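The structure's right below; bear with me while I get my questions together.
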Amino acid sequence: MQVENTRMDILSRKSYPKDRLFRFVVVGETPVLDEKGDMPGRGIYLLKDEETLDKAEAKLLLEKRFRLKLPEGFYAELRAKL
């Protein structure tokens, strides 16, 4: 039996299969979406869901976690990928 590879969503603190989550890493001083999931560095995961993105944006969740300001339109780009 194959074990499913899961990661924790930083908003709900629940585990989900990796394909249901966005993965983010910091490159230099810029937070980026790791679409292939193979960029070096410690990743932060967020559920691919409109409601989750709304809550994360309202709470400035990614900004607080990264301790960096997100680029303009960051959440709009994520919504386009849902």
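The values are calculated or read from the model by the stated rules, or taken from the named source; none is laboratory data. The structure presented is a predicted model; accordingly, all values stated were derived computationally and were not measured. Heads up, the Cβs are rebuilt from the backbone with ideal geometry, glycines too, and the neighbour counts pull from every protein chain shown. Note: accessible area is taken over every heavy atom of the protein model, side chains too, but ligands, DNA and RNA are not part of it. Shrake-Rupley method; radii C 1.70, N 1.55, O 1.52, S 1.80 Å.
Label Glu35 and Glu77 with points 7 Å out from Cα along Cα→Cβ: what is the distance between them in nm?
That separation, rounded to one decimal, is 1.0 nm.
Here's a follow-up. With an 8 Å Cα cut-off and a minimum separation of 6 or more residues, compute the relative contact order for the chain in percent.
For the chain, the relative contact order is 25 percent.
I've got another one for you. Could you tell me the center-to-center distance, by alpha carbons, between the range 6-33 and the range 56-82 in angstrom?
So the two Cα centres are separated by 12 Å.
Around Ala80, what is the net charge, scoring Lys/Arg as +1 and Asp/Glu as -1 over all other residues with Cβ under 15 Å from its Cβ?
-4
Hey, what's the chain come to in accessible area per residue, 1.4 Å probe, Å²?
So the chain comes to 71 Å² accessible per residue, rounded to a whole number.
What are the equivalent ellipsoid semi-axes of the chain, built from the alpha-carbon gyration tensor (square roots of five times its eigenvalues), in whole angstrom, biggest first?
Ellipsoid semi-axes (Å, largest first): 20, 15, 12.
Amide H of Arg7: which non-local residues (sequence gap of 5 or more, or other chain) have their own amide H closer than 5 Å, using H built in the peptide plane?
When sequence neighbours closer than 5 places are left aside, the close amide H contacts are Tyr16, Lys18.
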